[in-house]
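Read the figures in this text as sums done on the coordinates, not as results from a lab. What you are looking at is a predicted structure, and each value in this text was computed from that prediction instead of being measured. As a convention, Cβ positions derive from the backbone with ideal geometry for all residues, glycine included, and neighbour counts pool all protein chains shown.
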């Protein structure tokens, strides 16, 4: 079951972005992205980084919603879009953040996921708080 998000501007924009992508309306999806980035970016370089992270976050949310609803075909579409529309580093960071979030929610992760997250944190530039969170997640063999 997907977590219900508050009905706020950002949530509505993510849903509109997802709906535009599902309808194949890339022009509308781009307009939504541009609007959100105009609110946040402070330089052209900043805009590019934020654009990549914004796309990844919105696509990952759509992927997890579809997967949680049991719609694997749609989930695969969003996973494919995530992997083709975002940089490999951002995709990896987004997926690892998803694993961390799931582990925190459940209190545990399967060994394969826990090990993957541990390995990623060992080479990524993450803060001590994230490492501490990982220590609180039980590794299930």
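When 71, 52, 46, 65 are checked against the criterion of being without any contact (Cβ under 8 Å) to a residue 60 or more places away in the chain, buried (at least 16 other Cβ atoms within 10 Å of the Cβ) and closer than 30 Å to residue 116 by Cα, a single residue qualifies: 52. Considering the stretch 41-141, the qualifying helices (runs of 4 or more DSSP H), each wholly inside and each with 1 or more residues that are within 18 Å of the chain's Cα centre (by Cα) and over 25 Å from residue 16 (Cα atoms), run over 88-106, 111-123, 128-135.
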